[in-house]
Amino acid sequence: MTQPLLEVRGLSAAIEEGEILHNIDLTIRAGETHVLMGPNGAGKSTLGSTLMGSPAYKLTSGSIIFDGEDISELSTDKRAKKGMFLSFQNPLEVPGLSVESFLRSAIRQKTGKPVKIFKFKKELEETMKLLDMDPSYAERDLNVGFSGGEKKKAEILQLLMLNPKLAILDETDSGLDVDAVRTVSRGIEEYQKQQDGALLVITHSTKILEALNVDQTHVLVKGRIVRSGGPELVDEINANGFEQFIGSEEIVQEG
């Protein structure tokens, strides 16, 4: 069995008001797709942000090992350089910075090398076409005036252009219509083909999962992973909802 790409052990995290995440264990290997589900307010987005090193959350115990290195104390930008990516539930607008300029800068920071303009523009054009994005969006300010669906497409565009080792997708399907979900799913499938990219998909819906091959499903309730299993756990949640997990105290590991 290959070495884990991400290994989270005993992770607890807090804000000033108190602890939100409690003793989280999670292991993701290269090429795997993991799904994190749970009711609203369970701490799903908090976990994604904590893994990415958001200063809003303080790690109170445990460790985060990424690609064999303890990154528990690293800043967000350094985690990104090592190959981690987080798409936001509500992507920020960045006036004065075009989509193209943002991507060129992000690639340069990640690789530490100058960006070859012709190759970059060709890849950007092809990727935008895959996502049904009008080429003119490359010159628009990042997310400024974008609809919800356009913002999510822009996030997937970043994912495909940056090609990280691990992508954490936080509610990427939130607020999208059926056609937009299909387009975003197509982009995620394309990412999975690139260098064994690993995924942690955070969602309370299952629309976006229909086109993906899920390896592991985890249920988070009140900051604790209370159930882990295979893709069949998604079907169980679809059928019975999250009510069955409310009040769970112990982790149930299937398979």
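List of remarks:
- Base-10 log of normalised Debye intensity for the chain (one unit scatterer per alpha-carbon) at q = 0.09, 0.11 Å⁻¹: -0.39, -0.59
- The relative contact order of region 157-203 comes to 60 percent, based on Cα pairs under 8 Å that sit 6 or more residues apart.
- Nearby lysines by direct alpha-carbon distance to Lys119 (threshold 16 angstrom, same-chain neighbours under 8 apart not counted): Lys129
- Solvent-accessible area, 1.4 Å probe, carbon plus sulfur percent, for region 105-154: 55
- Nearest-20 debye value, region 1-121 charge dipole, Cβ charges on Lys, Arg, Asp, Glu: 880
- Expressed as a whole percent, the accessible area of region 190-234 that falls on carbon and sulfur atoms is 40 (1.4 Å probe).
- Highest average first, the peptides 68-74, 31-37 ordered by how many other beta carbon atoms sit within 10 Å of their residues are 31-37, 68-74.
- Total charge dipole magnitude, region 50-139, about the Cα centre, Cβ charges on Lys, Arg, Asp, Glu only, Debye to nearest 20: 400
- Per residue, in Å², the accessible surface of the chain once ligands and nucleic acids are set aside, probe 1.4 Å: 49
- The mean sequence separation of alpha-carbon pairs under 8 Å and at least six residues apart, normalised by the residue count of the chain, gives a relative contact order of 25 percent.
- For the chain, the Cβ-based charge dipole about the Cα centre amounts to some 1120 debye (Lys, Arg positive; Asp, Glu negative; other atoms uncharged).
- As a calculated quantity, the FRET efficiency between Glu69 and Lys121 at R0 = 30 Å, using C-beta atoms, amounts to about 0.35.
- Residues with amide H under 5 Å from that of Thr33, placed H, sequence gap 5 or more: Leu199, Asp215, Gln216
- Pairs from the list Lys78/Lys122; Lys78/Lys116; Lys44/Lys165; Lys78/Lys222; Lys58/Lys81; Lys44/Lys113 with a Cα-Cα gap above 26 Å: Lys78/Lys122; Lys78/Lys222; Lys44/Lys113.
- For region 75-145, averaging the sequence separation of C-alpha pairs within contact (under 8 Å, six or more residues apart) and dividing by the residue count gives a relative contact order of 51 percent.
- Here region 102-255 carries DSSP beta bridges of which approximately 40% are antiparallel, counting only pairs with both residues inside.
- Amide N of region 125-142 lying under 19 Å from the label point, which is placed 7 angstrom from the Cα of Asp179 along Cα→Cβ: 128-137
The values are calculated or read from the model by the stated rules, or taken from the named source; none is laboratory data. Fair warning: this is a prediction, and the values are worked out from it, not measured in the lab. Cβ: placed from backbone, ideal geometry, glycine included. Neighbour counts: every protein chain shown. These area figures cover heavy atoms from the full protein model, side chains too; ligands, DNA and RNA do not enter into them. Shrake-Rupley method; radii C 1.70, N 1.55, O 1.52, S 1.80 Å.
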